[in-house]
Amino acid sequence: MKEDVAVIGVGQTNFTRDCGMSVRELCFEAYKDAAQGLNLDPKDVDASIIASAPEYDKQRTPAALVSEYLGFSPSPTFYLETVCSSGTTGVRVGYSLIKSGLHDIVVMVGFQKMSELDSRIAAQVMGRGDDTMFSSPFGTTMPGGHALYAQAHMDAFGTSEEQMAKIRVKNSFYGSQNPKANYKKRLDLESCMNADLVCTPLKKFDCCANCDGASAVILASADKARKYTDKPIWIMGTGMATSELNWSSRASLTNFDSVRNAAKSAYEMAGVGPEDINVAEVHDCFTISEILAYEDLGFAKTGEGGKLIDEEATYHTGRIPVNVDGGLLSKGHPIGGTGGSQVRTIVQQLREECGDSQVKDAKIGLVQNVGGVGTYANVIIFGRD
Amino acid sequence: MKEDVAVIGVGQTNFTRDCGMSVRELCFEAYKDAAQGLNLDPKDVDASIIASAPEYDKQRTPAALVSEYLGFSPSPTFYLETVCSSGTTGVRVGYSLIKSGLHDIVVMVGFQKMSELDSRIAAQVMGRGDDTMFSSPFGTTMPGGHALYAQAHMDAFGTSEEQMAKIRVKNSFYGSQNPKANYKKRLDLESCMNADLVCTPLKKFDCCANCDGASAVILASADKARKYTDKPIWIMGTGMATSELNWSSRASLTNFDSVRNAAKSAYEMAGVGPEDINVAEVHDCFTISEILAYEDLGFAKTGEGGKLIDEEATYHTGRIPVNVDGGLLSKGHPIGGTGGSQVRTIVQQLREECGDSQVKDAKIGLVQNVGGVGTYANVIIFGRD
Amino acid sequence: MDFGNFGVVNFTKQAKSVAFVDYLAEGKLMGTVCKKCGKKYFPPRMDCAQCLDSEVEWFEINSKGKLITHSTVNFGPSGFEEVQPYTLGIVEFPEGVRVLAKISKKIDPATIKAGMELRPVPQKLNEERLTYEFEV
Amino acid sequence: MDFGNFGVVNFTKQAKSVAFVDYLAEGKLMGTVCKKCGKKYFPPRMDCAQCLDSEVEWFEINSKGKLITHSTVNFGPSGFEEVQPYTLGIVEFPEGVRVLAKISKKIDPATIKAGMELRPVPQKLNEERLTYEFEV
Ligand SMILES: [Zn+2]
Ligand SMILES: [Zn+2]
């Protein structure tokens, strides 16, 4: 195992519809959770990366404010964004800051406070993540964009609404066991199938909910990692890729090319393949997204993602456990806070701290985090000693 | 000289009050200028970093859009921000992406299109760069923040309004020779001294103007750099630091601690001192800022920045030439576009392409770029073979 | 005309490619092609990423194309309260480009299927605003 | 009360430190001190960066302090049209904190000088909005 850069701490706040806190306070809770037990003086943090999507908060340039509130100043800090995948972009850039020799300890804090926007303005803000000159004028939305992929996947491969519903049934099962999840109710197949249509073919329970939340990941060089923890989790590989933002330019509407490219880079760097992954967190902003992820990450053949959930292979006792913390669908999706929460779950799985949903003998874990409608993709592979 | 990461291309658009273009088109012009003569296929670009301040444009997540328009997809791209120093933060992070081994060629594109906001809303947006809970409620502004430093510096060291005016006289002299500058008029001491007060003690010509503009910097690993150019300009050192955003937390109001910390890191990494710098670009968003920069970078002793301009030591024939392209004061300040333009000037100086304002025998150059009121600081030191 | 005239809601005003909106006003949906390398672009653009060249010609998209995928949106962004639900579709045209637009309400949603033939029809939303949608 | 009640313009509503605004309504300008390590904070905060602890006590700032620097702003952000010009100052208090606020218009601007003694005076801007400014 390459032992260059390790995760030494992970944390998150409760994900909730209305946190009642200011952004700086929310970030503090996530960092405090991540730093727990580490005996890390804030002055030992060499740099911080603050990740979110900037449209939800009136505070301009929050990096300095969060860095100050967490006691990191005067060390460097900056803000970084790839919408919903901002958190893992922060982890990737944090890796490079350490591997390049610039820094030894880097903290990534991702957050979003979405509760102060009403849902229609939120839909407008999200729609502006599409090309505002040529696509937003037609009223494209985040669910609508994923629905275009869902419809194409159903037409091409016979993927069914029931298979999509089964994704949510699984994720709500694990969400009900996650004390930090926003949506804790367990859902059965019938409720998912009978829910209102948001945009064909996606129904209410096919969609994740926006919420408030923050997460933090503490990264360290090998030497420092061993000083602070006896359970370092190593970054084995990181891959990132982009798809064209424009609908006109996308070669495929039945998979995310960005995810395939990112996965290829990450597997190559880590020297492993999909068959070596013991547990994965994937970006299930919609149920269809988890099915696409199965295929794009190589857990299932193209077109056969639906079968994987039919076989219950992605439950924690299955062949390739996925989103056994509730996923975005049940945890909730605080844009900038999401990636760090995915990393947290994988790190906790590799440290064997996951109680009822612990995957047995988990040695290698994968995080896949997507920004926009497959626009950005990060795949990061983690391993333990 | 360490030959790890080189700048192989620099470019910028005209800086102008109203560019008449969309953001993607503006970025294209900057990149086209930077790539001129390089024979670089966009598919050879391994990653791109898009830098700006997000409050001026309705397009959400512009990184994907700009990356697509410039032909870089599917390579990774992300958005990054430290307000006015976003461009150099992008260059620093680009350095780390290459030095870490993740990428070989990284393009940083910084931009801002500010012309679609009226000036009072622009002032509000800029004021939100202060702490929105505790400072913005009092009507703090960018000029106001710098004015607090100017007043303190005058009270502590006897720095005069005339010394500040002389900074603008110098920078307007060089701005009049820069075809890409927004403000091309040459100003004399009298016009500067008699201009209207914006906020005491700063007058109209002590302040830079916001404008539209973009810049691009192409970075490469040593091997690739030599493949594409016979005039690589090396990154010798990069330092970055942050000051508390809150006025209450700042130890000094007569210098920028962030700049001092960033300079210390950059000098150490480069193995040089202020006496080794042949030419510098510093962040003169206000005339006082250039005086602070003289002191914080070690070109003058603390309190003696004003003397340096009295002695005309910072003209291109002087001891330590500073902002011999017009600076922000005359070029204009398109927030995210500014840092890349500073890097462009230093690279052109080290390549000896600067005509009338060329500094003789320039071998080592320095860029100092500040975000907010001394909140973020980048210092980057460049050298030629 | 500027980009503010295009679509139900638009957040952009200035663009070098503003002729796109002027053409729409004349009833034409247009893309661009790079004079140097021949690459076709939709959405239109005045700059070619391949050649870094900015010499382009306009071409019209007015054939029938095939619907690739579609979705009926029941909850739209602010500004779309009055028009929802609406159906979005992506159509591939023989001109070699794909286009996203609304599918006309004249078409019964139950009959909308991948592979069906549709053509783009420029139209006025009101005195100031222009768009295009897909009809049979 | 929430943070929306503080200042001429405020963009924040929710915060754990909202008692700051309630104290202002009672005529008190308050900071916080960490119960564990004794670090004093202004602006107040409910969390200590040094101990990662969230047990704090409030303390009042009501002494005379010394003006460190000041500026008269002639062009303010939107929302400040009616109140400009206004003078901002930073005052260092013997309580061990520095505070930014407006200097009262009762003070002749020509007499404002670094080192002068000022005290913070909480006040109502109107029925809903609170602030504090510096007076002699
Ligand atoms: Zn071409
Ligand atoms: Zn404490």
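In region D:3-23, which residue that is of a type outside the set (Ser, Thr, Tyr) and away from chain B (no Cβ under 11 Å) is nearest to ligand 2 (Cβ to nearest atom)? Per the stated criteria, the residue is D:Lys16. Suppose the filter is in contact (Cβ under 8 Å) with a residue 12 or more places away in the chain, over 19 Å from the mean Cα position of the chain (by Cα) and under 26 Å from B:Tyr174 (Cβ atoms); does B:Gly213 pass it? In short, no.
Count of region D:48-74 residues, restricted to those that are touching a residue at least 40 places away in the same chain (Cβ under 8 Å) and either farther than 18 Å from B:Ala150 by Cα or not polar (S, T, N, Q) (or both), is 9.
Looking at A:Ser243, A:Ser248, just one residue is of a type in the set (S, T, N, Q) and surrounded by fewer than 24 Cβ atoms within 10 Å (Cβ to Cβ), and that residue is A:Ser248. Within region A:17-39, the residues that satisfy the criterion of being more than 7 Å from chain D (Cβ to nearest Cβ) and either assigned to a helix (DSSP H, G or I) or in contact with a Leu (Cβ under 7 Å, 6 or more places away or on another chain) (or both) are A:Cys19, A:Val23, A:Arg24, A:Leu26, A:Cys27, A:Glu29, A:Ala30, A:Tyr31, A:Asp33, A:Ala34. Can you confirm whether D:Gly65 is within 16 Å of ligand 2 (Cβ to nearest atom), more than 23 Å from B:Ile288 (Cβ to Cβ), of a type in the set (Gly, Ala, Ser) and modelled with pLDDT of 95 or more? No; evaluated as a whole, the condition is false for this residue. For D:Arg98, the stated conditions do not hold, so it cannot be described as within 16 Å of ligand 2 (Cβ to nearest atom) and surrounded by 16 or more Cβ atoms within 10 Å (Cβ to Cβ).
Quick one: in region C:1-59, which of the residues that are of a type in the set (A, V, I, L, M) and within 16 Å of ligand 1 (Cβ to nearest atom) is nearest to A:Ser135 (Cα to Cα)? Checked region C:1-59; the qualifying residue nearest to A:Ser135 (Cα to Cα) is C:Met46. The set of residues in region C:89-105 being in contact (Cβ under 8 Å) with a residue 40 or more places away in the chain and either more than 11 Å from chain A (Cβ to nearest Cβ) or within 29 Å of A:Gln124 (Cβ to Cβ) (or both) consists of C:Gly89, C:Val91, C:Glu95, C:Val97, C:Arg98, C:Val99.
A search for C-beta distances below 9 Å between a residue of region D:75-88 that is under 14 Å from B:Leu197 (Cβ atoms) and any residue that is part of a loop (DSSP other than H, G, I, E, B) and hydrophobic (A, V, I, L, M, F, W, C), counting only pairs 6+ apart in sequence or on different chains, returns D:Gly76/D:Val8; D:Gly76/D:Val83; D:Gln84/D:Phe75; D:Pro85/D:Phe75; D:Tyr86/D:Phe80; D:Thr87/D:Ile107; D:Thr87/D:Ile112. Under the condition of being closer than 30 Å to A:Gly383 by Cα and either in a helix (DSSP H, G or I) or in contact with an Asp or Glu (Cβ under 7 Å, 6 or more places away or on another chain) (or both), the residues counted in region A:238-256 number 3. Applying the condition of being more than 11 Å from chain D (Cβ to nearest Cβ) and polar (S, T, N, Q) to region A:40-78 and asking which residue is surrounded by the fewest Cβ atoms within 10 Å (Cβ to Cβ) yields A:Ser75. Restricting D:Gly38, D:Gly27 to residues that are over 30 Å from A:Ala35 (Cβ atoms), part of a loop (DSSP other than H, G, I, E, B) and modelled with pLDDT of 95 or more narrows the list to D:Gly27. Screening region D:52-62 for residues that are within 14 Å of chain A (Cβ to nearest Cβ) and surrounded by fewer than 17 Cβ atoms within 10 Å (Cβ to Cβ) and picking the one that is farthest from ligand 2 (Cβ to nearest atom) gives D:Glu55. The numbered conditions (1) surrounded by fewer than 22 Cβ atoms within 10 Å (Cβ to Cβ); (2) away from chain B (no Cβ under 14 Å); (3) outside any helix (DSSP H, G or I); (4) not β-branched (Val, Ile, Thr) are all true for A:Ala216 except (1).
Which residue out of B:Ala262, B:Ala225 is among the aliphatic types (A, V, I, L, M), modelled with pLDDT of 95 or more and not assigned by TED's automatic domain parsing to the domain that holds B:Gln348?
Selected residue: B:Ala225, the only one of B:Ala262, B:Ala225 that is among the aliphatic types (A, V, I, L, M), modelled with pLDDT of 95 or more and not assigned by TED's automatic domain parsing to the domain that holds B:Gln348.
Remark: pairs (first residue in region B:289-301, at pLDDT 95 or above; second residue among the aromatic types (Phe, Trp, Tyr); Cβ separation under 6 Å; 6+ apart in sequence or on different chains) = B:Leu292/B:Phe256; B:Asp296/B:Phe256; B:Ala300/B:Tyr294. Condition first: more than 20 Å from D:Phe42 (Cα to Cα) and small (Gly, Ala, Ser). Now tell me which residues in region B:128-165 satisfy that. Hits for region B:128-165 are B:Gly144, B:Ala147, B:Ala150, B:Ala152, B:Ala156, B:Gly158, B:Ser160, B:Ala165.
Condition test on C:Thr111, is it away from ligand 1 (no atom under 16 Å from the Cβ), of a type in the set (Val, Ile, Thr) and surrounded by fewer than 20 Cβ atoms within 10 Å (Cβ to Cβ)? It is true that C:Thr111 is away from ligand 1 (no atom under 16 Å from the Cβ), of a type in the set (Val, Ile, Thr) and surrounded by fewer than 20 Cβ atoms within 10 Å (Cβ to Cβ). Among the residues of region B:153-209, those that are in contact (Cβ under 8 Å) with a residue 24 or more places away in the chain and of a type in the set (S, T, N, Q) comprise B:Thr159, B:Ser160, B:Gln163, B:Asn171, B:Ser172, B:Ser176, B:Gln177, B:Asn178, B:Asn182, B:Thr200.
In region A:84-184, which helices (runs of 4 or more DSSP H) lie fully inside it and hold 2 or more residues that are more than 7 Å from every other protein chain (Cβ to nearest Cβ) and surrounded by fewer than 21 Cβ atoms within 10 Å (Cβ to Cβ)?
A:119-127, A:142-157, A:161-175
No other residue among C:Glu133, C:Glu82 is away from ligand 2 (no atom under 16 Å from the Cβ) and surrounded by fewer than 18 Cβ atoms within 10 Å (Cβ to Cβ) apart from C:Glu82.
Among the listed residues A:Leu65, A:Leu80, A:Leu70, which satisfies the condition of being hydrophobic (A, V, I, L, M, F, W, C), closer than 25 Å to A:Phe382 by Cβ, touching a residue at least 24 places away in the same chain (Cβ under 8 Å) and in contact with a Lys or Arg (Cβ under 9 Å, 6 or more places away or on another chain)?
Selected residue: A:Leu70, the only one of A:Leu65, A:Leu80, A:Leu70 that is hydrophobic (A, V, I, L, M, F, W, C), closer than 25 Å to A:Phe382 by Cβ, touching a residue at least 24 places away in the same chain (Cβ under 8 Å) and in contact with a Lys or Arg (Cβ under 9 Å, 6 or more places away or on another chain).
The values are calculated or read from the model by the stated rules, or taken from the named source; none is laboratory data. What you see is a predicted model, and the numbers here were worked out from it, not measured in a lab. Quick reminder, even Gly has a Cβ in these numbers, built from the backbone with ideal geometry, and neighbours come from all protein chains shown.
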